[in-house]
Amino acid sequence: MKGLLCKDLTEMLSPVNLIPAAVAMLAGMILKLPYLFACIALFIAVMPADSMRRDAVSRWETQQMMLPVSRFCIVTEKYLLTLICAAAAVLLTGLGMLWIAPAYQLDSEELLLWVMRACLCCLLIPALVCPVSFRFGYDKGRGILFLLIVFFAVVTASELAVPETEFGTVYAKLLSSISLSSMTLRDILRILLHGGSYKMILISVFCTLILTFVSWLLSLWGFCRREF
Amino acid sequence: MNLFIDNKSGAPIYDQIYSQIKALIISGALSENDPLPSIRSLAKDLRISVVTTKRAYDELEREGFLYTVPAKGCFVAPKNTELLREEHLKQIENHLLEIRQLAAACGMSKQDIIQMLDLLDS
Amino acid sequence: MNAIEIRNIAKKYKGFSLGPVSLTLPSGCILGLIGENGAGKTTTIKALLGMNRPDSGEISLLGQPLSADLRNEIGVVLDEVGLPENLHIRQIEKIMKYSFRNWQSDAFAEYIKKFNLPENKRFKTFSKGMKMKLGLAIALSHDAKLLVLDEPTAGLDPLVREELLDLLNDFTRDEGHAVLISSHIVSDLEKVCDYIAFLHKGQLMLCEEKDRLLEQYGFLQTTEENLNALEPDAIKGRRVTQYGAEAIVDRTRVPQTFDIRPVTIEELFVYMAKEG
């Protein structure tokens, strides 16, 4: 697993990724723009999926089957990478927001909210894309990633646009029926966009960690059935 | 030691090795107890199959031309005079057949050949 | 000990079925797997390496069933070398050093020098020949006992192919080493293999010592009537034209009066495949 991690981290920490991230970080801190930190978080969130894309394109997927690593290690390494990315996003977003907090008079709850948003993003996207990619190949996984982004974009836009009309209420009911454990999707989205209490934040992070764990198990099961 | 293997000649390769090494031993180019190259290094140097080389060596060992010392390698066996005599007799027979053919071609009889032999001796 | 033992593996895909195939490769030898495109060579090799799951059969490598740990002792080069595109050789070496138990940096450095591979250029700038050479350098630098090569010479010039065959020859100077090489460039295999296996349309036509094949079979040109007069078993493949007939025949079953010339493995395969 050490070799695989070495490879993924070397590829991720290339100038092509580091320079834009550093520039955005500096810009956010100097110009006091919190949404830049959210962008960095999103950028980091797609990195594990992007690494799977690179593996598929360069045929590393096949090549790694000749290394003395088990399929369990291959899958687990990607999830380890996801956790590392989440930690990096949390760190960067936290640092950035801490730096600009005085300018916006943010209290600790709001700060935590921004940071957790970054964490959720980084865990959720790989958790949904990886099982499909491992089982069926990155081509199908890419479809899921695209669908996810479109879905969240549409839902977020509609949430912002029509919160109070009748259509909005029906739509809200529809969303409520798609629930992740004790949280409704609408509640999570509301947290992601507007804020909420500590409890909600912690519950949503906890749910996402459970989701990641289930996703890891699914990926293990799927990848063991994959044929090259 | 010179060995020449011809891939294209159609003669089985194991036979080529066998015959050439045998000829070297009989002619004395390889003396008693001289070490022979290991099967594997010979095969790899000549770019031929190890399996085939082993076959040739096994044949030579079976006929008493070489012996194997475990963990040391193969060595030329002491000249077996019986074997050598048999080998020489075979060669003489072949030469005599040739002589008879040639003699018949230019109309010489058996007596003529014996006369020729006496002349050579004196 | 046998380096490879395959017993009755079979695999069915949509539109193609492989097997049952049984092969044995003794230690210290080189086995050449010959077959046309789509014959099942790559499928067999992937089954050997655990990359696909055969529907039936057993595989053992170096005397043990396949496992991730065993790959420390197996060097593999498939026809496409899939290394990270944006990394240089130094970075790739680091990955391999962390992955293989017995990585030999000195041996790797020697191969890189011998193959003239540029150390500071990205992998995606390498030509096909250079990619294959790097794959081979990696396969030879972790103390592997078994080399498995799938079409390594396709797309390479004759000089490079000759270098590769030399390397394989040297690799098997050690009797603990073995090589399985598949190709459809038969003339390459003919130079270096101890055993030859023919795969055609998913079926194993034969697996024999190469030199015995060359001794046993010969090429005959004669009239069609003469050919038909021979034992049917003696003929392994034929071609009849309006000017006569050609056939690959078993020398032991054909009267000595016929003029039989030596045959190449390529001719043997082509005629047998056409007949089968």
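Residues that are touching a helix residue (DSSP H, G or I) at 6+ places or on another chain (Cβ under 7 Å), more than 14 Å from chain B (Cβ to nearest Cβ) and free of Cβ contacts under 8 Å to residues at least 40 places away in the same chain: does segment C:205-215 have at least one? No, there is no match, as no residue in segment C:205-215 is touching a helix residue (DSSP H, G or I) at 6+ places or on another chain (Cβ under 7 Å), more than 14 Å from chain B (Cβ to nearest Cβ) and free of Cβ contacts under 8 Å to residues at least 40 places away in the same chain. For segment C:150-175, the candidate set comprises residues that are touching a strand residue (DSSP E or B) at 6+ places or on another chain (Cβ under 9 Å) and not in a helix (DSSP H, G or I); within that set, the residue that is surrounded by the fewest Cβ atoms within 10 Å (Cβ to Cβ) is C:Ala154. Quick one: is C:Lys41 farther than 23 Å from A:Phe72 by Cα, of a type in the set (Lys, Arg) and touching a residue at least 60 places away in the same chain (Cβ under 8 Å)? When the stated conditions are applied, C:Lys41 passes them. How many residues are within 17 Å of C:Lys274 (Cβ to Cβ) and either in contact (Cβ under 8 Å) with a residue 12 or more places away in the chain or buried (at least 16 other Cβ atoms within 10 Å of the Cβ) (or both) when one looks only at segment C:219-233? Residues flagged as within 17 Å of C:Lys274 (Cβ to Cβ) and either in contact (Cβ under 8 Å) with a residue 12 or more places away in the chain or buried (at least 16 other Cβ atoms within 10 Å of the Cβ) (or both) within segment C:219-233 amount to 5. Of the helices (runs of 4 or more DSSP H) that lie entirely inside segment A:107-189, those containing 3 or more residues that are at pLDDT 65 or above span A:108-136, A:138-161. Pairs meeting the criteria (first residue in segment A:54-83 and facing chain C (nearest Cβ under 9 Å), second residue of a type in the set (Ser, Thr, Tyr), beta carbons under 7 Å, at least 6 apart or on different chains) are A:Leu67/C:Ser99; A:Pro68/C:Ser99; A:Val69/C:Ser99.
Could you say whether any residue in segment B:55-77 is of a type in the set (A, V, I, L, M, F, W, C), within 14 Å of chain C (Cβ to nearest Cβ) and either surrounded by fewer than 11 Cβ atoms within 10 Å (Cβ to Cβ) or in contact with a Ser or Thr (Cβ under 8 Å, 6 or more places away or on another chain) (or both)? Outline the logic, then answer.
Going through segment B:55-77, the residues of a type in the set (A, V, I, L, M, F, W, C) turn out to be B:56, B:60, B:65-66, B:69, B:71, B:74-77.
Those still in the list that are within 14 Å of chain C (Cβ to nearest Cβ) too: B:56, B:71.
Pick out the ones that are also either surrounded by fewer than 11 Cβ atoms within 10 Å (Cβ to Cβ) or in contact with a Ser or Thr (Cβ under 8 Å, 6 or more places away or on another chain) (or both) and you get B:71.
Yes, segment B:55-77 contains at least one residue that is of a type in the set (A, V, I, L, M, F, W, C), within 14 Å of chain C (Cβ to nearest Cβ) and either surrounded by fewer than 11 Cβ atoms within 10 Å (Cβ to Cβ) or in contact with a Ser or Thr (Cβ under 8 Å, 6 or more places away or on another chain) (or both).
Tallying residues that are over 17 Å from B:Ala23 (Cα atoms) and outside any strand (DSSP E or B) within segment B:61-92 yields 3. When C:Gly129 is tested against (1) more than 14 Å from chain A (Cβ to nearest Cβ); (2) in contact with a His (Cβ under 6 Å, 6 or more places away or on another chain), exactly one condition is not met: (2).
With respect to C:Ile181, determine if the residue is within 13 Å of another protein chain (Cβ to nearest Cβ), under 22 Å from C:Thr153 (Cβ atoms) and not in a helix (DSSP H, G or I).
On the way: within 13 Å of another protein chain (Cβ to nearest Cβ): no; under 22 Å from C:Thr153 (Cβ atoms): yes; not in a helix (DSSP H, G or I): yes.
When the stated conditions are applied, C:Ile181 does not pass them.
Only one of the listed residues (A:Ala38, A:Ala22) is more than 11 Å from chain C (Cβ to nearest Cβ), part of a helix (DSSP H, G or I), among the small types (Gly, Ala, Ser) and touching a Cys at 6+ places or on another chain (Cβ under 9 Å). That residue is A:Ala38.
Does A:Thr10 count as within 14 Å of chain C (Cβ to nearest Cβ), assigned to a helix (DSSP H, G or I) and under 17 Å from the mean Cα position of the chain (by Cα)?
Against the criterion (within 14 Å of chain C (Cβ to nearest Cβ), assigned to a helix (DSSP H, G or I) and under 17 Å from the mean Cα position of the chain (by Cα)), A:Thr10 does not qualify.
Taken together, the residues in segment B:1-31 that are more than 8 Å from the chain's Cα centre (by Cα), within 14 Å of another protein chain (Cβ to nearest Cβ) and on the phi < 0 side of the Ramachandran plot amount to 12.
Considering each of B:Arg47, B:Arg55, B:Arg62 in turn, give the residue that is more than 15 Å from B:Gln16 (Cβ to Cβ) and among the basic types (Lys, Arg). Write out each step before concluding.
Numbers: B:Arg47 fails: more than 15 Å from B:Gln16 (Cβ to Cβ); B:Arg55 fails: more than 15 Å from B:Gln16 (Cβ to Cβ).
The match here is B:Arg62.
Does B:Arg47 satisfy the criteria of being within 13 Å of chain C (Cβ to nearest Cβ) and at positive phi? Before you say what the answer is, go through the steps one by one.
Values: within 13 Å of chain C (Cβ to nearest Cβ): yes; at positive phi: yes.
Here the answer is yes, as B:Arg47 does meet what is asked.
Look at C:Asn102 and say whether it is within 22 Å of the chain's Cα centre (by Cα), closer than 17 Å to A:Gly3 by Cα and touching a residue at least 24 places away in the same chain (Cβ under 8 Å). Full working, then the answer.
On the way: within 22 Å of the chain's Cα centre (by Cα): no; closer than 17 Å to A:Gly3 by Cα: yes; touching a residue at least 24 places away in the same chain (Cβ under 8 Å): yes.
Considered against the rule, which asks whether it is within 22 Å of the chain's Cα centre (by Cα), closer than 17 Å to A:Gly3 by Cα and touching a residue at least 24 places away in the same chain (Cβ under 8 Å), C:Asn102 comes out as no.
Would you kindly identify the strands (runs of 3 or more DSSP E) lying entirely within segment C:12-120 that contain at least 1 residues that are away from chain A (no Cβ under 14 Å) and either among the charged types (D, E, K, R) or touching a Lys or Arg at 6+ places or on another chain (Cβ under 9 Å) (or both)? Spell out the reasoning first.
Details: elements: C:16-26, C:30-35, C:56-61, C:74-77.
In segment C:12-120, the matching strands (runs of 3 or more DSSP E) lie at C:16-26, C:30-35, C:56-61.
Restricting attention to segment C:184-196, the residues that are in a helix (DSSP H, G or I), β-branched (Val, Ile, Thr) and within 13 Å of another protein chain (Cβ to nearest Cβ) total 1.
Which members of segment C:216-227 meet the condition of being within 11 Å of chain B (Cβ to nearest Cβ) and among the aromatic types (Phe, Trp, Tyr)?
To start, the set of residues in segment C:216-227 that are within 11 Å of chain B (Cβ to nearest Cβ) comprises C:216, C:218-219.
The one that is within 11 Å of chain B (Cβ to nearest Cβ) and among the aromatic types (Phe, Trp, Tyr): C:Phe219.
C:Lys113 satisfies every condition listed in (1) without any contact (Cβ under 8 Å) to a residue 12 or more places away in the chain; (2) closer than 30 Å to C:Val21 by Cα; (3) out of contact with any helix residue (DSSP H, G or I) (no Cβ under 8 Å at 6 or more places or on another chain) except (2).
The values are calculated or read from the model by the stated rules, or taken from the named source; none is laboratory data. Computed from a predicted model, the values in this text were never measured in an experiment. All Cβ positions, even for glycine, are placed from backbone atoms using ideal geometry, and neighbour counts span all protein chains on display.
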